[in-house]
1. Scan region 61-82 and give yes if some residue there is within 23 Å of Asp5 (Cβ to Cβ), outside the structural domain of Phe247 (by TED's automatic domain parsing) and either charged (D, E, K, R) or within 13 Å of ligand 1 (Cβ to nearest atom) (or both), otherwise no.
2. Please specify each residue of region 248-259 satisfying the condition of being open to solvent by 30 Å² or more (accessible area, probe 1.4 Å) and touching a strand residue (DSSP E or B) at 6+ places or on another chain (Cβ under 6 Å).
3. Let me spell it out: the conditions are (1) without any contact (Cβ under 8 Å) to a residue 60 or more places away in the chain; (2) farther than 24 Å from Trp278 by Cβ; (3) not in a helix (DSSP H, G or I), and Leu59 meets all of them except one. Which number is the exception?
4. Test each condition in (1) over 27 Å from Met202 (Cα atoms); (2) open to solvent by 20 Å² or more (accessible area, probe 1.4 Å); (3) of a type outside the set (A, V, I, L, M) for His75 and report the one that comes out false.
5. So, in region 221-236, of the ones that are crowded, with 24+ Cβ neighbours inside 10 Å and touching a residue at least 40 places away in the same chain (Cβ under 8 Å), which residue ends up farthest from Ala27 (Cα to Cα)?
6. Of (1) outside the structural domain of Ser18 (by TED's automatic domain parsing); (2) within 16 Å of ligand 1 (Cβ to nearest atom), Glu120 satisfies all except one. Which?
7. Using the structure shown, decide if Lys205 is away from ligand 4 (no atom under 16 Å from the Cβ) and either open to solvent by less than 30 Å² (accessible area, probe 1.4 Å) or outside any helix (DSSP H, G or I) (or both).
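The values are calculated or read from the model by the stated rules, or taken from the named source; none is laboratory data. Note that the coordinates shown come from a computational prediction; the quantities given were computed from them, not determined experimentally. Because the Cβ atoms are built from the backbone with ideal geometry, glycine has one as well, and the counts that use them run over all protein chains shown. Each accessible area value is taken on the protein alone, full model and side chains, heavy atoms only, with ligands, DNA and RNA left out. Shrake-Rupley method; radii C 1.70, N 1.55, O 1.52, S 1.80 Å.
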Amino acid sequence: MLDYDLHCHSTVSDGLLSPTDLVARAAGRGVKVLALTDHDDVSGLAEAAEAAALHGMQLINGVEISVSWRSYTLHIIGLHIDPTHVPLAEGLRTIRSGRGARAQLMAESLAKTGIGGALEGAYRFANNPGIIGRTHFARFLVEAGYCKDVKSVFKNYLVKGKPGYVAHEWAALPDAVRWICGSGGVAVLAHPGRYTAGRKAMGQKTLRELLREFSDLGGQGIEVVSGCHTVEQYAEFARYAKEFDLFASCGSDFHGPGESYRDLGHLPDFPLDCRPVWQAWEAVPA
Ligand code: AMP
Ligand code: MN
Ligand code: MN
Ligand code: MN
């Protein structure tokens, strides 16, 4: 069992718990090293660090950056970043600034199918309005009785070809990697098992091209153990880590009680041969 959890969300993005409550829950579940990785925003890190100190837990400064690459939206995690690094802070600000207009278009798309009040409804679930996103719309659609839970929303709405979907241009991959690495952090490709273009999963050839490009840009890690992956995928992505000489990362991608595939912590060990990503920032014994 790993006592590291390097991917989770607070109310600063689309999680359900405040940074303080998230850290307390992680500590209670045996996590010793936690990275808070809110989408496109680092404003929860100071509060999380304060809470972590009270629990004797190590808090790693993190972020999950939304990236457009070919026809895919990718998520690139930055670990051990410096949140005050100006290009990173400015870059994240630029990404966030597109979310408001996108939300407006999402609400217009939903209105066309007879779902009214979605914009106001979604903002009611967004503790941090700057990061308004699909999860907040999903929670509104559940509350309004259109779907039984958030997972079923993403089958019928908000994805390509369904009401509420709006194509969006996020950060470019070279920029996201540069912001992270420039701040002293490690760039990690999040949940590689989750990427789709339309309904089609990313194939092996495309993933190899992505990893080649990511690695050439300075990306150093890949999420192997993720709350979004099956056990078979742990082995599959461990093989890619080895092939591309990348560190392996692990994270629950916890968003909130009852809403995520996995709760915080209790993550299974890496497959053999993986180099844990924390070797990138922890002193390696001589
Ligand atoms: P956005 O950044 O606004 O496009 O929202 C992306 C977020 O939507 C992800 O980080 C997840 O929290 C959530 N999400 C996307 N797809 C799904 C899904 N199939 N099931 C549950 N949540 C999802
Ligand atoms: Mn999310
Ligand atoms: Mn993600
Ligand atoms: Mn995430």
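1. No, region 61-82 has no match at all.
2. none
3. (2)
4. (1)
5. Ranking the candidates gives Gly221 first.
6. (2)
7. no
To keep it simple, each residue is scored yes or no on (1) in a helix (DSSP H, G or I); (2) free of Cβ contacts under 8 Å to residues at least 24 places away in the same chain; (3) under 15 Å from the mean Cα position of the chain (by Cα).
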{"residue": "Ser10", "(1), (2), (3)": "no, no, yes"}
{"residue": "Ser13", "(1), (2), (3)": "no, no, yes"}
{"residue": "Ala26", "(1), (2), (3)": "yes, no, no"}
{"residue": "Leu34", "(1), (2), (3)": "no, no, yes"}
{"residue": "Ala51", "(1), (2), (3)": "yes, no, no"}
{"residue": "Asp82", "(1), (2), (3)": "no, no, no"}
